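Following: one structure in structure tokens, then a few remarks.
The values are calculated or read from the model by the stated rules, or taken from the named source; none is laboratory data. Values in this document were obtained by computation on a predicted structure and should not be read as measured data. Because the Cβ atoms are built from the backbone with ideal geometry, glycine has one as well, and the counts that use them run over all protein chains shown.
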Amino acid sequence: MRDFILLRTLSPTQGLGGQLAKLGIPGLDIAYLGNPHTALLSVAFVDNWHYWGFLMVLFLSAIQNVPPDLYDAARVDGANRWQEFRHVTIPGIRPTVVFMLLMTAIWSFLVFDYIWILTQGRSSEVLGTLVFKNAIPRQDAGYAATIGLSMSVFAGLIISIFWFLRRRGWDI
């Protein structure tokens, strides 16, 4: 249901842009999914929507686990809020940030369903839709398998980065 509401938000007539155009704010009443320049960004927004809550819970728990004594020590040393954030909060949540970046990179390979449902790969092509188009309609299984193997290599590289950081002593 929430995905339907989000998709309706992208509608050029009934969505947020269309409503703003009716109020006199022009320029946002475009077909985001029909324009090749905005389709992939729109699909990325819709795809990311489903795990933003999970990431926020991770960030909240990570920030709550930063010891308050470090903030007190930074204030005693004369740090302002930006310096506290930069030198206390960011190093304190670094494992969570790295984990989130690695998981987001791996999840980006699983974007096929949203792209296929929203645009069928017409205005937004990714590797997953390219594999499907070559394997099923064109029946070129060899080329589709090559693309799938390339996707596996990219995912393996991401996992290798994770493994390398763990070997260097990062707590991820």
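For region 100-112, does any single residue satisfy the condition of being farther than 23 Å from LEU10 by Cβ, of a type outside the set (A, V, I, L, M, F, W, C) and out of contact with any His (no Cβ under 8 Å at 6 or more places or on another chain)?
The answer is no; no qualifying residue exists.
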Report task. Collect the residues in region 148-172 that are farther than 21 Å from THR104 by Cβ and not basic (Lys, Arg), keeping them in residue-number order. Result -> LEU149, GLY169
**Report entry** Total residues in region 72-97, condition outside any loop (DSSP other than H, G, I, E, B) and small (Gly, Ala, Ser)
**Finding:** 3
**Report entry** Candidates GLY24, GLY53, GLY18, GLY34 - the one that is of a type outside the set (S, T, N, Q), exposed (fewer than 11 other Cβ atoms within 10 Å of the Cβ) and farther than 30 Å from SER160 by Cβ
**Finding:** GLY24
Report summary line: Inside region 114-172, the number of residues satisfying the requirement of being farther than 16 Å from ALA39 by Cα, among the β-branched types (Val, Ile, Thr) and touching a residue at least 24 places away in the same chain (Cβ under 8 Å) is 4
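Mind checking which helices (runs of 4 or more DSSP H) fall wholly inside region 103-172 and carry at least 3 residues that are surrounded by fewer than 17 Cβ atoms within 10 Å (Cβ to Cβ) and of a type in the set (Ser, Thr, Tyr)?
The qualifying helices (runs of 4 or more DSSP H) are 141-167.
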**Report entry** Conditions (1) surrounded by 15 or more Cβ atoms within 10 Å (Cβ to Cβ); (2) charged (D, E, K, R); (3) at pLDDT below 80: number failed by GLU84
**Finding:** (3)
Report task. Scan region 22-36 and give yes if some residue there is without any contact (Cβ under 8 Å) to a residue 40 or more places away in the chain, assigned to a helix (DSSP H, G or I) and over 19 Å from TRP170 (Cβ atoms), otherwise no. Result -> yes
